[in-house]
Every structure is written in C-alpha cells, then in structure tokens.
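The numbers here are math on the coordinates, done by the rules we state, and not lab data. Note that the coordinates shown come from a computational prediction; the quantities given were computed from them, not determined experimentally. Here the Cβ positions follow ideal geometry from the backbone for every residue, glycine too, while neighbour counts run over all protein chains shown.
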Amino acid sequence: MPQPGKAENCNRFHRSRLALLGSLCLFLSAIEYLIPKPLPFMRIGLANLPLLLALDILGPGEFFLLALLKILGQGIIGGTLFSYVFLFSLAGTGASAALMYLLRRCWGKKYLGYAGLGCAGAMASNGIQLVLARYLIFGASLRYLIPPFLASGFITGIVLGLVCEYFCRHSRWYAAMGAGPQPKPPDKAPAESAPVQKQQEHRQGRRQDLFNADELFAAGLLMAAFFLLSHSLPGRTAQFLFFCLLARILGKKINPFTTLIFMAGIVFFNLLAPYGKVLAVLGPLQITQGSLLAGLEKAIMLEGLLMLSRACIKSDLRLPGTVGSLLGESLRILELMREKKNIIRRGHIIAGIDRLMLEMEAVNADDTKNAPYRKPRRSVKNMVLLGIMALMTAVMGCAPCFFVM
C-alpha cells in the first residue's frame, strides 16, 4: 500500500504546481488588461511568462494543459469567452506554446535562451492573429496594421524573455522547483499586521459566504452573456454600475479613483484615432463623436467584465472534470493572489512575484493537506436571488433600447 500513496502524493504535487502556474497566468493577464491597447486582441504577453517558466518544469502534457488553462481562464476573467477575442486567444496561445515547446526540445537551453523563445512565441502568436484578423475583421486594410503589430510583438517578446531569464536566476521559488540555481534570499518586506489582516479576512468572508461559489459563478457567466449582448451604451453603463454594487456587497475591494483613471486612459487612446463628427478641438487633439463613443463603450465593457469577474469568482470555486478542477483551483489561488498583491512593490516587482509564488505555494500545500474540498450546500433561496440578479442585468441592457424605439 505505500506505493499507491506515494503515487497519489506525486500526482497531487504536480496538479498543485500546474494550478499555481495557471493562477500566475491569470494574475499577469489581469494586470495586462489594465494596459490600454488599440486592438482588443492585442497582447503585450505578460501572461506568457509562466509558459516560459514551465518549459523546464512541466512535461509535454502538463505544459499544453497549462496553455489551455491560460486560454480558458483569460476567457472567463476577461469575459471574452463568447466573443471573437477568445478565438484569437486560442489561436495565438496555441501557436505560441507549440512553437516555444518545439524550439526548446530541439535546441535546449544551450543554444536558445528565453529571449529567443519569447520572441519566437510572440511572432507566432501575432502572425496567426493577423491571419484571423485578415479574414474576420479588417480585410485588405489590415496591411496598414501588420508592420507595427509585428514590430511590437518582436520587441515585447524579447523583453519578456529577458525578464524571464532574470526571474529564473534570482527566484527562490523557481530554484525550489529544481530548474534553476539557488539565489540569495531577498530582504524581507514589511508584513501587514496579523490582527488587522485577520479582521479584514473575517469581515470579507462573511460577505462572500452569502452565495454558493458554483451558483455565483454560473450566474456570473449568464450576466456576462447579457452584458456582451447589450448594444446600448446607457444599458451597459447601468449594468456596469450594478456589477460595481454587487462586487462591493460581496466584500470585494474597489478603488473608484483607479477605475476612473483607467477608463479615462482608454477613452484618451481612442481619441487619438478620430472619426465622425468633430465635437471639440484641444490643441492637436480632435474630440470626435465616433472615437469618443467607441472609447466609452470599450472602457465600460472592459471594466464591467472585470467588476463582474471580481464579484462572481470566489476562492472556493470548483468546476467539474479534470480541466475544470484545475481551472477552479487556479481561480481559487488567483483570488488569494489578489488579496496578497501588495507584496509586489514598485521597484521590486521580480522579488515581489517570487515572494508571492512562495507564499501561494505554502498556502496551497497547507490547504491541500488540512482543508479538503467539501461540496457546497445548495440553497433555493440564493439560486432564486441570483436568477433575479441575472434577470435585472438582462433588463438593464434591453430597457434603453425599448425607450429609444
């Protein structure tokens, strides 16, 4: 009997490591969503950092499973699961992961470093996305976009590879995985007061326990579909405010100033490509009706989906199946990462990510041993309440259209 126990522990360790890397993908992806982009499918590639790290940690099956977790997680967190953006993510990540894995196995560490792998992965991702954009969105006019799109992928791929190289050389977590040298331990960062932290966690936990995690997640997907199907700017604005209220009720932290600054940044970058009726002129900047409305729609849609994801994803979420189980575990760890994001400080980002991974590794191992999963209780009352929330989201999106008609 000892041998099956060892095999089970080994399998549990691999699943835990895979879920942890998946959560890092989603954590970096959430950060990347905060950076304005001229196209909805354009990516800087931060979420590919765990894929580069996994090349020497995971086997082929686990590596491509990690890529699948990244694709599905990005679709859920970003609310793009039902849009063409998910197709771009699927094709781009798939091509990038396949090429990087193939190059790593053919040339190894000696002849091809992370900078080359990152560049090759970025070019593969951008290339397949340009092909899709040619036939699905832009048509022949895409030729004006090809040079800057490929150039940005070339630069960001190399930069990401260099960041990965630096992380591998200085990360204690990566060294513990057996894939890198033992670095010197970094200086300790100031920790939060334990009593204050426990009090905050207790207060937030009481609010988050109002709903079953699976039921709340399902309701969130339904509300995301209603939100994406809405074509009215006033309707989406009402839905966005409703999602903010829901997130606040469930105990999630919201920074109104940061949210407004981010939305203003999206609108500003859209104003740089003017079209439609000129509303005002501020020096060299023309404020046109078309670009202003497009910027507002993008800002409200993106922030609305982020607020909804924040409200409807709980740390105890579990999904069916092997992939669903790993994705649910990644989402659970992601929620813990968000609560501990203050560990990453300006000027010490790499050390902060390393410290965050070490802490999540310890928390995840402790939860696996001491807190086995319990099937959540079903509540008809809460299911009805969540159904009412989804119905309210649908009505908010459709009501302004009826008034216009």
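Taking the alpha carbon gyration tensor of the range 208-271, multiplying each eigenvalue by 5 and rooting it gives semi-axes of 24, 17, 9 Å, largest first. Scoring 121-130, 289-298 by mean Cβ neighbours within 10 Å over their residues and listing the highest first yields 121-130, 289-298.
Highest average first, the peptides 328-337, 214-223 ordered by how many other beta carbon atoms sit within 10 Å of their residues are 328-337, 214-223. For the pair V131 and A175, the difference between a 0.36 nm per residue extended length and the Cα-Cα distance amounts to 11.9 nm.
Taking 32 Å as the cut-off for C-alpha to C-alpha distance, list the pairs among K70/K277; K109/K298; K252/K277; K253/K298; K109/K253 that go past it. Violating the 32 Å limit, Cα to Cα: K70/K277; K109/K298; K252/K277; K109/K253.
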